[in-house]
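These notes concern the structure reproduced below.
The values are calculated or read from the model by the stated rules, or taken from the named source; none is laboratory data. In this text the structure is predicted, and so the values were computed from the model without any measurement. FYI the Cβ positions are ideal-geometry reconstructions off the backbone, even for glycines, and counts take in every protein chain you see. Protein only, heavy atoms only, side chains kept; ligands, DNA and RNA dropped before computing areas. Shrake-Rupley method; radii C 1.70, N 1.55, O 1.52, S 1.80 Å.
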Amino acid sequence: MTTEALSLPARPSPRKAARRKEGNAGPVFVVVLAIVALWYTGTILMNWQGTADAFARAGEARSTSEILLATMEQERPMLPAPHQVFAELKKTTIDTPVTSRRSLLYHAWVTLSSTLLGFGLGVLLGSVLAVSIVHVKTLERSLMPWIISSQTIPILAIAPIIIVVLGSIGITGLFPKAIISAYLCFFPITISMVKGLTSPDPMQRDLMRTYSASLAQTFWKLRLPASLPYLFTGLKIAVAISLVGAIVGELPTGAQAGLGARLLAGSYYGQTIQIWAALFGAALLASLLVALVGLAERFLSRSMGARPA
Amino acid sequence: MKPKGETVLKRVTEDFMGDSGAQPGLSAEPGLASRAPVVDIQGLSLTYEAADGPVYALSNVDLQIEEGEFVSFIGPSGCGKTTLLRVIADLEQPNGGHIHVNGVSPSEARVRRDYGFIFQAPALYPWRTIQKNVELPLEIFGIPKAERNERSRRQLELVNLKGFEKKFPWQLSGGMQQRASIARALSFDPKLLLMDEPFGALDEIVRDHLNEQLLKLWDKTRKTVLFVTHSIPEAVFLSSKIVVMSPRPGRIIDVIDASHLGRERKLEIRETPEFLKIAHRVREGLRAGHSYDD
């Protein structure tokens, strides 16, 4: 079914797709260049005082251009320069074995595993809530206020409570962090899925009624497929904040491993380069996760005959 | 579309009947007189509560439809023609009167899958191919895959959509989509077809073409068709019987027999005196029933 659908003439030709990509490359390049330029300017301005003071303390007289270059090579700069961050990223990913505690990949894996577990739990909780809300009218009124108020509590306040409570009953490590992720990410899933499950128009629903379709048949053959485009929007948000949840979950525990632990250790010891490298690691991981969800969406929507945009 | 939920639809006492414009004077076709009518409606009324007071969607409607007839319902918007069709389909609940579909209540008929309903829009599910859309009711009825494929193949051939099985709805024109929805309704071979302004959204050329095809289909399959429209030529061209309705309250004001135009009709008959005579009577009926006080 899918293969034939893919070969339809109405799909954009590869040449057209290439042209579209070409059109994007210019602006993207300009934006990246502007960000890098801004970053270097910030590095120079923010590190200037510290660098100049350090030279003064050492009793060394340096020219302005020497100070300028030195602002970008500080060991513990206020704001590390891009090339310092990337050198650190390279050192901690490529040059360090994955098994080492100094490897950023190791820490990223620790965070990723609880992110994925939390995301899985969040998807489960979020969809169960959505399906119940759509099918039981009273649940919408009774559950929705709680669901919404759950998201108004700052996660930084509730994260330590979850860790401590679960720790007191002997649950430590991966699971409490995953719970925090799930707590954050079920929300967009529930909201988007409720919207999606109720999206079929009256005619599409009447059709099912004329067939005397059961509730389950209406769910599987109409409501669920209709909800998928909505669900994927929620999933993309959910997977990104699931990662945030996992990182936040690592902060209050003084966890030994994970991107959150790396951030915390960096700030304890003033290792700004390490902090920035961990931040970039987290951002890259989040983009990767969102891209994966996007890929799944593309694959699924193609097999469901979605009109190419 | 009328509000359909039972919560919206408040049951109102049946005391409103007013001056009934309903004319039960229907003569069953001679050959079919002995059989029970496919649709038997007596004193049917339906009222629902709107923001500004009750709306009398249907008032004291009497109607008998025999097997094999092609009955058109025509009237201005708000005359209850769609509501009447939806009551027959058990998509709306009447407040009063009696209605039997194939000798049982509409809800029993629906559960028995006695009818196929064709909506104003094709209402194809966009994530299913045309073939899968046609097979949707068969899947729900639990018909095995091999037979599903065979039936969808046959029905798509019948509506001239052979070769479009693997396409998705958006790849077809509006007229083709509506033909696919007719194939879907035919797939489980119901004796009764309920069509709610199925060609209303299509341009006239496509509509003419589909009207001819529908008539051939009706002649071939010998189904009973109930067809809601607001086009006089369409109603006269298709029907063996035309039910003219009028709004506020929704009621039947005339029932016109057009069976003498024959079962096989070409578009050219629209120029004939017989055709024009019936069209004139429909127009007269519509004019008489139209209330000018608003």
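Rounded to the nearest 5, what % of DSSP beta bridges with both residues in the protein assembly as shown are antiparallel? Display every interim value, and only then the final one.
On the way: 21 of 39 bridges.
Antiparallel bridges make up about 55 percent of those DSSP assigns within the protein assembly as shown.
Select from the stretch B:88-121 those trypsin sites (Lys or Arg not before Pro) which occupy a DSSP coil region and have at most 15 other Cβ atoms within 10 Å, ordered by residue number.
Passing sites in the stretch B:88-121 are B:ARG112.
Taking the helices alone, chain A has a mean residue ellipticity at 222 nm of -26000 deg cm²/dmol, built from -39,500 (n - 2.57) per DSSP H run of at least 4 residues and averaged over all its residues.
With K and R counted +1 and D and E -1, the other residues having a Cβ less than 12 Å from that of A:LEU231 yield a net charge of +2.
Using a probe of 1.4 Å, the accessible surface attributed to A:HIS135 totals some 70 Å² when neighbouring protein chains are kept in position.
Measuring between their Cα centroids, the stretch A:46-118 and the stretch B:106-173 lie 63 Å from each other.
Relative to the longest principal axis of the Cα atoms of chain B, helix B:174-186 runs at roughly 90 degrees. Computed over protein heavy atoms with a 1.4 Å probe, the accessible surface of the stretch A:230-302 works out to 46 Å² per residue. Average accessible surface for the stretch B:177-241: 31 Å² per residue, computed with a 1.4 Å probe over protein heavy atoms with every protein chain in place. Here is the list for the stretch A:248-309: chymotrypsin sites (Phe, Trp or Tyr not before Pro) lying in DSSP coil, each with at most 13 other C-beta atoms within 10 angstrom of its C-beta, are A:TYR269.
Taking all protein chains together and rolling a 1.4 Å probe, A:LEU300 ends up with roughly 60 Å² accessible. Set the Förster radius R0 to 30 Å, insert the Cβ-Cβ distance between A:ASP95 and A:SER63 as r into 1/(1 + (r/R0)^6), and round the FRET efficiency to 0.05. The calculated FRET efficiency here is 0.35. Look at the stretch A:200-206: the mean tally of other chain Cβ atoms within 10 Å of its residues' Cβ atoms is 5.
Neighbours of B:GLY116, meaning other residues whose beta-carbon lies under 10 angstrom from its beta-carbon, give a summed charge of +2 when Lys and Arg score +1 and Asp and Glu score -1. Solvent-accessible area per residue in the stretch A:148-194 equals 45 Å², computed with a 1.4 angstrom probe and all protein chains kept. Full extension of the chain between A:TYR40 and A:TRP146 gives 33.5 nm of extra length, using 0.36 nm per residue less the Cα-Cα distance.
The chymotrypsin sites (Phe, Trp or Tyr not before Pro) of the stretch B:126-183 meeting both criteria, a DSSP state outside H, G, I, E and B (loop) and at most 16 other C-beta atoms within 10 angstrom of the site's C-beta, are B:PHE141.
Peptide B:119-126 has a mean of 5 when you count, residue by residue, the C-beta atoms of other protein chains within 10 Å of its C-beta. These residues, A:ARG141, B:ARG128, go from largest to smallest accessible area, 1.4 Å probe, as A:ARG141, B:ARG128. Here the accessible area is traced with a 1.4 Å probe on the protein chains. For the stretch A:210-294, carbon and sulfur cover 73 percent of it.
Contact-buried residues of the stretch A:290-309, at a threshold of 40 Å² lost accessible area versus the chain by itself: A:MET304, A:GLY305, A:ARG307 (1.4 Å probe; DNA, RNA and ligands ignored).
Just counting partner chain Cβ atoms within 10 Å, what average do the residues of peptide A:217-228 show around their Cβ?
Averaged over the peptide's residues, the number is 2.
Only helical runs count toward this figure. For chain B, summing -39,500 (n - 2.57) over DSSP H runs of n ≥ 4 and dividing by all residues gives -10000 deg cm²/dmol at 222 nm. Chains A and B together bury some 2800 Å² of accessible area, summed over both sides, with a 1.4 Å probe. Cross-link pairs exceeding 18 Å between alpha carbons, from the set B:LYS81/B:LYS220; B:LYS241/B:LYS277; A:LYS195/B:LYS167; B:LYS145/B:LYS166; B:LYS132/B:LYS166: B:LYS81/B:LYS220; A:LYS195/B:LYS167.
When peptides B:143-151, B:129-137, B:194-202 are sorted by average Cβ neighbour count within 10 Å, with the highest value leading, the order is B:129-137, B:194-202, B:143-151.
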